[in-house]
1. Residue by residue through the stretch 106-131, note down the ones that are under 18 Å from Thr310 (Cα atoms), in contact (Cβ under 8 Å) with a residue 60 or more places away in the chain and either in contact with a Ser or Thr (Cβ under 7 Å, 6 or more places away or on another chain) or open to solvent by less than 40 Å² (accessible area, probe 1.4 Å) (or both).
2. Might you let me know whether the stretch 68-76 holds any residue that is surrounded by 15 or more Cβ atoms within 10 Å (Cβ to Cβ), over 24 Å from the mean Cα position of the chain (by Cα) and at positive phi?
3. Which residue is surrounded by the most Cβ atoms within 10 Å (Cβ to Cβ), if the candidates are limited to the stretch 204-226 and must be in a loop (DSSP other than H, G, I, E, B) and among the hydroxyl-bearing types (Ser, Thr, Tyr)?
4. Answer yes or no as to whether Glu164 is modelled with pLDDT of 95 or more, among the charged types (D, E, K, R), more than 19 Å from Arg195 (Cα to Cα) and loosely packed, with under 13 Cβ neighbours inside 10 Å.
5. Would you mention how many residues in the stretch 174-203 are open to solvent by less than 20 Å² (accessible area, probe 1.4 Å) and hydroxyl-bearing (Ser, Thr, Tyr)?
6. Here are some residues: Lys42, Lys15, Lys63. Which one is at pLDDT 85 or above and surrounded by 10 or more Cβ atoms within 10 Å (Cβ to Cβ)?
7. Within the stretch 33-70, take every residue that is basic (Lys, Arg) and part of a loop (DSSP other than H, G, I, E, B) and give me the one that is farthest from Leu88 (Cα to Cα).
Amino acid sequence: MKYRLPYLIRSLLAKIEGFSRDKWFDFLAAITMSYVPQIKDKYVQDADVVIATWWSTVLEMGKLSSSKGNKINLIQGFENWEGHEDLLYASYNMKDTVDIVVASYLSKIVVQHTSNHIEMIESGIDNSVYKVKNNIEDRNPYTVAMMYSIQEIKGSKYGLKALELVREQIPQLEVEFFGISPCPEDLPYWIKYYRDPEKLNDLYNRNAIFISNSFTEGFGLVSVESMFCGCALVCTDIEGHKEYAFEGETALLVEVRNSQQMANSILRLINDNLYRIKLASNGNKYVQRFKWDNAVEKMEKVIKQTLEGTI
């Protein structure tokens, strides 16, 4: 991986910014975090279990001695965005490693390139935070939410174009975007933008419809969060979405990069409020299987089995 800054500078900046308590997560006090210059035995401390979460670090993890822990490869997407597919496939087959995938389609890919044991643990949603607070039936049907990203693979420009098409027919349309990037330039005045909102669950609950325009997703967490909060989902017809988005039952699926089709699906839900309510209710019921505690229980079981040597 190519970094913009050398390791020493990145390490110093991390300490200044308080890396030990990363702002993205709330960690228990007992959890410590640290940078290492390289993933090698002399830098990585001994442990019971070592888990890698990106294919290039899996290749390095595979070279660690057994004292660093039983090895787990957590595969959260088909991570071929940077090329090097030969190395990506090699990461699935590291010696003495258990592969964990977050979606069934990933299992079908990984099994073609490894003899390792494969477990599936769907990504978990904290249902104590993401839940229906505003009744699905009572929501303004003209409200739509979307995650905005500067990453091309998230397809944000196609979502924006779709919403512009919808507003030509529905001038009372209300739209809220959120993301971690600065507010995009020239964003239409009728779209509100929230950068890194503290209460994302409230944003979901204010809206009737959520749209996702991604070209690829490992699992599509924000879509599932929105469904936990009662949004009717319109999303692209890709593998990561199809773990929970079933056409006409729990969501409406559209072609990748097809803004007109996305607009038509949004209009369908706006113009048929009863169908919007049914779709959102069905989706909310289906995604309950992705509760956080379910994922934690499965992960604990896999870790225990690796320590016992039963997988």
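The values are calculated or read from the model by the stated rules, or taken from the named source; none is laboratory data. Quick caveat: nothing in here was measured; it's all calculated off a predicted structure. Glycine also receives a Cβ, built like all others from the backbone with ideal geometry; neighbour counts cover every protein chain displayed. We work out accessible area using only protein heavy atoms, side chains counted, and drop any ligands, DNA or RNA first. Shrake-Rupley method; radii C 1.70, N 1.55, O 1.52, S 1.80 Å.
1. Let us first name the residues in the stretch 106-131 that are under 18 Å from Thr310 (Cα atoms), namely 115-121.
Subset that is in contact (Cβ under 8 Å) with a residue 60 or more places away in the chain: 117, 119, 121.
Within the stretch 106-131, Ile121 is the sole residue that qualifies.
2. Of all residues in the stretch 68-76, those surrounded by 15 or more Cβ atoms within 10 Å (Cβ to Cβ) come to 68-76.
Of the ones still in play, those that are also over 24 Å from the mean Cα position of the chain (by Cα) are 68-70.
Keeping just the survivors that are at positive phi gives 69.
Yes, some residue in the stretch 68-76 is surrounded by 15 or more Cβ atoms within 10 Å (Cβ to Cβ), over 24 Å from the mean Cα position of the chain (by Cα) and at positive phi.
3. Ranking the qualifying residues of the stretch 204-226, first place goes to Ser214.
4. Considered against the rule, which asks whether it is modelled with pLDDT of 95 or more, among the charged types (D, E, K, R), more than 19 Å from Arg195 (Cα to Cα) and loosely packed, with under 13 Cβ neighbours inside 10 Å, Glu164 comes out as no.
5. 1
6. Matching residue, one of Lys42, Lys15, Lys63: Lys63.
7. Start the filter on the stretch 33-70 by keeping residues that are basic (Lys, Arg), which leaves 40, 42, 63, 68.
Now narrow it down to the ones that are part of a loop (DSSP other than H, G, I, E, B): 40, 42, 63.
Numbers: Lys40: 20, Lys42: 25, Lys63: 16 Å.
Only one residue tops the list, namely Lys42.
Residues checked against (1) within 18 Å of Val129 (Cβ to Cβ); (2) surrounded by fewer than 16 Cβ atoms within 10 Å (Cβ to Cβ):
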residue: Cys231; (1), (2): yes, no
residue: Ile238; (1), (2): no, no
residue: Ile277; (1), (2): no, no
residue: Ile311; (1), (2): no, yes
